[in-house]
Amino acid sequence: MNTTHSFVRASEVIGRETEKNKIVDLLMIQGDDHQGGDNERNVSVIPIVGLGGLGKTTLAQSVYNDPRVEGSFDLRMWQHVSVDFDANRLVKEILVSALGTEINERLSPDQLQAQLRVALKDKKFLLVLDNVWNEDRTKWTGLRNLLIEGAKVGTKILVTTRNISVASVMGPVVTYINLEVLSFEDCMKLFVKCAFDEGQERKHPSLYEIGKDIVRKCGGIPLAVNTLGSQLYSKTDERQWKLIRDSEIWELEREGDGHILPALRLSYTQLPSHLKQCLARCSFLPKNYVQFVSLDLISQWMALGILESREHGNMELEDVGELYFKELWHRSFFQNVIDCGLHYTFDMHDLIHDLVQSVAQGESLIVDSAGTKGISENVRYLTILKSGQNVSTTVQKLNKVRTVRVWSCENIDESFLSTCISRFKYLRVISLFDSPWELLPSSIGSLKHLRSLYLGGNERITALPNSICKLQSLQTLTLVKCVNLKELPRDVSKLISLRHLHFTTKQSSFPENGVGCLTSLRLLSIRECSNLMCLPRDTIYLASLHTLMISNCKQLDLMMENYQVIPLRLQKLGIRGVPRMVALPEWFQGATNTLQGLLIQDCENLEALPGWLTSFTSLRKLAFNSCPKLLSLPEVMHRLTALTKVWIIDCPDLERRCQRDTGEDWPKISHVPNVSFERL
């Protein structure tokens, strides 16, 4: 996806009050009312310009959420743009931001534009365009004309970019905010916040002094200060601090954004070996894309064999992966992390991405519009973002590839995959995002080392070759949004190593000796199966399952006839868009001692919660979203002492009853540290 989120905590913004107030003042300027006249003069562009890592996005987020700004516009929209200025994509995503809801994926460009015109008509709006690189005026003109048509006086477009000329092509720029490096004093405030618990710097004066030297070497770049400070958090051994301060890496040739790369490389060198491996394997994440999903990243780490459970008390691989993900997050290698209840979404700053690419140099190759000069024969991780005639030539030059990822490249056909299968016998990962292929080569069954196969978003494929079931090492199979896939392969139960299964099919039921017999399954995600009536009759899979996610299955009945409640290992359960569910099924009780996260969303007929829900003593996260018939919480909710977060969203009666201090149900959840009525 390409949409950053617009929220930032006020406490995360340090040393930018002057710039923030100046931008807010500019946004408050009403402008001249040219009634019925020049729409373009009703719209002004305000650029925030500065080096990478200075905090342009964080500043824009702070402005966007300022109460003065919130109350001054009829509509506020936030859109991440990135290097690839795709007007059609931007129209679609701006429309989603304007409506605050999902839209029909099959709308044509003309239909999208028509809907956006209606959404913006006669509105004074604020649009933030984050991370803009495009300098081509012709690419911008069509989108600009669409945005300003009918725009009300006082409409503003706030742009973050590294180049003022980028903003100038977007319209008249009266003034711009040139973001300078952060002062030493503010950098120290940021460093202390990241490296110490509150007040602890006073107990470690020698570390504080060493920290000053480290901060000076960061050159006023907040990203560098944040990353190094996070790296040193909770470390009290002076030798570790001095190792960073005195590293020769500071003396590396500084290119592009000054001190930033040496500082980040230094953060990388201080990682333990297992985290270095995990971060280096993030090289497949496309630059300037955002809202990656933690589950997907962890399954890739798992496929590459870099998760080790023996060192963690025989934890499940998925739990080890989540532990590593959180460690990298807490060290600031991931940003904009959002807790979605059952998983996390996250971004990588483009300078962190540059670091990852430099670490993976020679082993990772990304094929895009820039070409593929100087290909190393040691490439193991191949990603194709833009296809052309050189793609087949590129493949012919390689023979050690372990992962192949293709992102929405319509002119790559089945022969490309056949070539990869025949040439790369040790493939671990094949990911084909939104591929247009109707057939999958049966030869795929020969890849005995393949551990992850992703075919998500393929709307043409109707059947899979049964040879897939020969993949004895396959751990993850992803078939979501394959809306024309008739059914899963008949011998799917032979995938003895399968741990993660995500799918969309047209089948109405599961055959016997199929999915229900997958004894290694840890995660099952059933999405948009519009004909599906029931879950597998075989219930063997339930005994090993840790995560179950069911989404937008309109005919599905979750009740199981003659089912005897058995102990389950289920830890995360998400039910979304299942209108036939009027009550939680009895078989959920098998997870009484294990369930940690429960998310119920878009279940318009769910009327009440059972009393036995209060016996789920391991439950940490509980979310109800868009369940309008849900009126109250069960009694004795105080028994759920492990609860740390509760979300209640778009459930009008339940929200009213759960309001802090005043709601009738508030005493039931007053012990929960974090109760939120904001969207996940």
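The values are calculated or read from the model by the stated rules, or taken from the named source; none is laboratory data. Small disclaimer: the values here were computed from a predicted structure and weren't measured. Please note: Cβ atoms are built from the backbone with ideal geometry, for glycine as well, and neighbour counts cover all protein chains shown.
Can you tell which of Phe616, Phe588 is over 19 Å from His671 (Cα atoms) and among the aromatic types (Phe, Trp, Tyr)? Step through it out loud before you land on a result.
Numbers: Phe616 fails: over 19 Å from His671 (Cα atoms).
Phe588 is the lone residue from the list that is over 19 Å from His671 (Cα atoms) and among the aromatic types (Phe, Trp, Tyr).
Okay, residues lined up against (1) part of a loop (DSSP other than H, G, I, E, B); (2) crowded, with 16+ Cβ neighbours inside 10 Å; (3) free of Cβ contacts under 8 Å to residues at least 40 places away in the same chain:
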{"residue": "Asn145", "(1), (2), (3)": "no, no, yes"}
{"residue": "Lys152", "(1), (2), (3)": "yes, yes, no"}
{"residue": "Ile157", "(1), (2), (3)": "no, yes, no"}
{"residue": "Thr175", "(1), (2), (3)": "yes, no, no"}
{"residue": "Met188", "(1), (2), (3)": "no, yes, yes"}
{"residue": "Val192", "(1), (2), (3)": "no, yes, yes"}
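State yes or no: is Gln472 more than 28 Å from the chain's Cα centre (by Cα), touching a residue at least 40 places away in the same chain (Cβ under 8 Å) and over 23 Å from Asp434 (Cβ atoms)?
No: the conditions fail for Gln472.
Applying the selection to the range 112-135, what residues are part of a loop (DSSP other than H, G, I, E, B) and either of a type in the set (A, V, I, L, M, F, W, C) or more than 29 Å from the chain's Cα centre (by Cα) (or both)?
Scanning the range 112-135 gives Lys121, Asp122, Lys123, Lys124, Trp133.
In this structure, does Ser497 turn out to be among the polar types (S, T, N, Q) and in contact with a strand residue (DSSP E or B) (Cβ under 6 Å, 6 or more places away or on another chain)?
Answer is no for this residue.
Here's a check for you: in the range 278-321, which residue that is in a loop (DSSP other than H, G, I, E, B) and among the hydroxyl-bearing types (Ser, Thr, Tyr) is modelled with the highest pLDDT?
Ranking the qualifying residues of the range 278-321, first place goes to Tyr289.
For Ser415, state whether it is within 30 Å of Glu105 (Cα to Cα) and free of Cβ contacts under 8 Å to residues at least 24 places away in the same chain.
Spelling it out, Ser415 is indeed within 30 Å of Glu105 (Cα to Cα) and free of Cβ contacts under 8 Å to residues at least 24 places away in the same chain.
Taking the conditions exactly as written (in contact with a Ser or Thr (Cβ under 9 Å, 6 or more places away or on another chain), in contact (Cβ under 8 Å) with a residue 24 or more places away in the chain and not charged (D, E, K, R)), does Leu223 satisfy them or not? Outline the logic, then answer.
Working: in contact with a Ser or Thr (Cβ under 9 Å, 6 or more places away or on another chain): yes; in contact (Cβ under 8 Å) with a residue 24 or more places away in the chain: yes; not charged (D, E, K, R): yes.
So Leu223 passes the test.
Please count how many residues of the range 194-222 are within 13 Å of Ile14 (Cβ to Cβ) and in a helix (DSSP H, G or I).
3
Quick one: Arg460 ticks every box in (1) assigned to a loop (DSSP other than H, G, I, E, B); (2) within 30 Å of Leu275 (Cα to Cα); (3) in contact with a Pro (Cβ under 8 Å, 6 or more places away or on another chain) bar one, so which box is it?
For Arg460, the failing item is (2).
Can you name the condition, by its number, that Tyr541 falls short on among (1) in contact with a helix residue (DSSP H, G or I) (Cβ under 6 Å, 6 or more places away or on another chain); (2) surrounded by 22 or more Cβ atoms within 10 Å (Cβ to Cβ); (3) farther than 19 Å from Leu595 by Cα?
(3)
Could you please find all residues in the range 108-122 being surrounded by 15 or more Cβ atoms within 10 Å (Cβ to Cβ) and not polar (S, T, N, Q)?
Leu112, Leu116, Ala119, Leu120
Among all residue pairs at least 6 apart or on different chains, which show Cβ distances below 7 Å where the first residue, located in the range 503-516, is in contact (Cβ under 8 Å) with a residue 40 or more places away in the chain and loosely packed, with under 15 Cβ neighbours inside 10 Å and the second is part of a loop (DSSP other than H, G, I, E, B) and not small (Gly, Ala, Ser)?
Filtered contacts from the range 503-516: Ser508/Asn531; Ser508/Leu532; Ser508/Met533.
Hey, can you tell me all the residues within the range 644-680 that are out of contact with any strand residue (DSSP E or B) (no Cβ under 6 Å at 6 or more places or on another chain) and closer than 17 Å to Ser615 by Cα?
Selection gives Thr644, Lys668, His671.
Given (1) in contact with a strand residue (DSSP E or B) (Cβ under 7 Å, 6 or more places away or on another chain); (2) over 18 Å from Leu297 (Cα atoms); (3) in the same structural domain as Leu501 (by TED's automatic domain parsing), where does Ile444 come up short, assuming only one miss?
Of the numbered conditions (1) in contact with a strand residue (DSSP E or B) (Cβ under 7 Å, 6 or more places away or on another chain); (2) over 18 Å from Leu297 (Cα atoms); (3) in the same structural domain as Leu501 (by TED's automatic domain parsing), the odd one out for Ile444 is (1).
Determine whether the range 552-572 contains at least one residue that is not charged (D, E, K, R) and not in a loop (DSSP other than H, G, I, E, B).
no
Give just the number: which of (1) at pLDDT 90 or above; (2) crowded, with 21+ Cβ neighbours inside 10 Å does Gly53 not satisfy?
Condition (1) is where Gly53 drops out.
Scan Leu573, Leu584, Leu558, Leu524 and give me the residue that is closer than 19 Å to Pro610 by Cβ, touching a strand residue (DSSP E or B) at 6+ places or on another chain (Cβ under 7 Å) and not hydroxyl-bearing (Ser, Thr, Tyr). Before you say what the answer is, go through the steps one by one.
Numbers: Leu584 fails: touching a strand residue (DSSP E or B) at 6+ places or on another chain (Cβ under 7 Å); Leu558 fails: touching a strand residue (DSSP E or B) at 6+ places or on another chain (Cβ under 7 Å); Leu524 fails: closer than 19 Å to Pro610 by Cβ.
Answer to the check: Leu573.
Return the pair list, or none, for Cβ contacts closer than 6 Å from residues in the range 644-668 that are at pLDDT 95 or above to residues that are acidic (Asp, Glu) and part of a helix (DSSP H, G or I), at least 6 apart or on different chains.
Ile648/Glu655
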